[in-house]
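The values are calculated or read from the model by the stated rules, or taken from the named source; none is laboratory data. It should be emphasised that the depicted structure is a prediction, and the values quoted were computed from it without experimental measurement. Every residue, glycine as well, gets a Cβ built from its backbone with ideal geometry; the counts of neighbours run over all protein chains shown. Ligands, DNA and RNA are excluded from the accessible area calculation, which covers all protein heavy atoms including side chains. Shrake-Rupley method; radii C 1.70, N 1.55, O 1.52, S 1.80 Å.
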Amino acid sequence: MAVYTLPELPYDYAALEPVINPQIIELHHDKHHAAYVKGANDTLEQLAEARDKEQWGSINGLEKNLAFHLSGHILHSIYWHNMTGDGGGEPLEKDGVGELADAIAESFGSFAGFKAQLTKAAATTQGSGWGVLAYEPLSGRLIVEQVYDHQGNLGQGSTPILVFDAWEHAFYLQYKNQKVDFIDAMWAVVNWQDVAKRYAAAKERGDSLLLAP
């Protein structure tokens, strides 16, 4: 039985137009995300076979594959819910997301400073990767991370709460090679209600998984 399954989209393929066209959403979810789910499940089976046969010659590659596919699955699962056709703007107290707005201001000085940093982090990721807003439990603050592929260059204990996919498959059919234009457009579909819920959950969990030095 598969350990990981492809989640359903929380909206139809056309829900994020004109920022992201339906063809991209369909291919991105049904093909690319599905491939990460299959890759994670296949790698778990291969690791089980390696244990059974006590054959460890491919362990380095298998562990790398598991991290790659599993992280891809997790980040995409967040990504779909981070967006809504009714989103955009910035988090405001009147919309019930004041705690998130305060945390952004405290961690980055202002919403404008945060937006500029996440935009640059996502747009300048070398090769394939993500721009990520994450809750870092040891400091209790929000940080921006620049994630290479799906799993590199991140703080081990941080929890992603807002992710911008900067892989070419997320935008190329519509934006061609203009990654910056895509990232700029993404701000119009950010689902701040979802981000705020993720922030509250990460903050409540706190450093339960880590012992602060």
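Data overview
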| item | result |
| --- | --- |
| C-alpha long axis of helix 59-81 to longest principal axis of the chain, angle in ° | 30 |
| Projected-area mean, the range 1-120, by convex hull of Cα positions, square nanometres | 10.5 |
| Cα shape, the chain, gyration tensor, a/c 1.5 rule | oblate |
| Within-10-Å neighbourhood charge of Pro160 [Cβ basis; K, R +1; D, E -1] | 0 |
| For the range 96-160, alpha-carbon Rg relative to the globular expectation (2.2 N^0.38 Å, N residues) | 1.12 |
| Area projected by the alpha carbon convex hull of the range 98-213, averaged over all directions, nm² | 7.3 |
| Among Tyr36, Tyr135, Tyr172: highest mean-square fluctuation, GNM of the chain, C-alpha pairs under 10 Å | Tyr172 |
| Glu99 accessible area, 1.4 Å probe, all protein chains in place, Å² to nearest 10 | 100 |
| Estimated [θ] at 222 nm from DSSP helical runs (n ≥ 4, -39500 (n - 2.57)) normalised by residues in the chain, nearest 500 | -14500 deg cm²/dmol |
| Average Cα contact separation per residue, the range 1-86, under 8 Å, 6 or more apart, as relative contact order % | 38 |
| Top of Asp95, Asp184, Asp194 by mean-square fluctuation, Gaussian network on the chain, Cα under 10 Å | Asp95 |
| From phi via Karplus (6.51, -1.76, 1.60), per-residue ³J(HN,Hα) for the range 176-186 in Hz, x at Gly/Pro | 6, 9, 8, 4, 4, 5, 5, 4, 4, 5, 4 |
| Surrounding net charge for Leu47, when Lys and Arg each add one and Asp and Glu each subtract one, Cβ distance under 13 Å | -3 |
| Nearest-10 value in Å² for the accessible area of Leu173, using the 1.4 Å probe | 90 |
| GNM result for the chain, Cα springs below 10 Å: residue of Gln146, Gln117, Gln23 fluctuating most strongly | Gln23 |
| Normalised contact order of the chain, rounded percent, pairs of Cα under 8 Å and 6 or more residues apart | 23 |
